[in-house]
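So the structure is just underneath, and the comments pick up after that.
The values are calculated or read from the model by the stated rules, or taken from the named source; none is laboratory data. Please read all numbers here as calculations on a predicted model, not as lab measurements. Neighbour counts are summed over all protein chains in view; Cβ atoms, including those assigned to glycine, are modelled from backbone coordinates with ideal geometry.
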């Protein structure tokens, strides 16, 4: 083989080696950057707050009609409705709570889900209402699932919450209206042990 051919082959080998090293370097850079970007997307800011929880839940409508907790963060003056869950917390009607919770953002949350994740950190205080305390829920829109009769328990449920009927309340008539879309006002009375009774409706 003459010197000219050897020189050409050497140059081609050198160019190929440089190209391989360049591509390898690019691949290494991309693969190391990808996990960092992914970690940044998954990292959620978490903050601790003090929440006051009211003694009764309020009807609300998210994806469907439901009961929402009435919450008041320590830096706010009035209650607002909390549509999601407080993970680790079991609420009982008729009790005022002060909670320490952690709140974090949820990345890529579904359109019908909350963008916040709330978890119980500690229960600071609990105060039970007196028996006979009344809770008024105004403009309740009667839908098929608003009032349900539980055959097993032989009793009614209001958006999942069991309740009894006081002596002079016609719960059967109210139940028969559940598919009319009518708006009614409901007054519940606290019976103790997280139990409530329907005192009046109009």
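Things to note:
- Counted residues, region 142-162 - those being closer than 15 Å to residue 185 by Cβ and touching a helix residue (DSSP H, G or I) at 6+ places or on another chain (Cβ under 9 Å): 2
- Scanning region 180-202 for residues that are over 18 Å from residue 160 (Cβ atoms), touching a strand residue (DSSP E or B) at 6+ places or on another chain (Cβ under 9 Å) and in a loop (DSSP other than H, G, I, E, B) gives 181, 182, 202.
- Checking each residue in region 150-199 for being over 21 Å from residue 65 (Cβ atoms) and surrounded by 14 or more Cβ atoms within 10 Å (Cβ to Cβ) picks out 164, 166, 169, 189, 190, 191, 194, 195, 197, 199.
- Hey, residue 181 modelled with pLDDT under 95 and not assigned by TED's automatic domain parsing to the domain that holds residue 51 or not: yes
- Spans of strands (runs of 3 or more DSSP E) in region 80-133 with at least 3 residues touching a strand residue (DSSP E or B) at 6+ places or on another chain (Cβ under 6 Å), modelled with pLDDT of 95 or more and surrounded by 14 or more Cβ atoms within 10 Å (Cβ to Cβ): 95-105, 116-128
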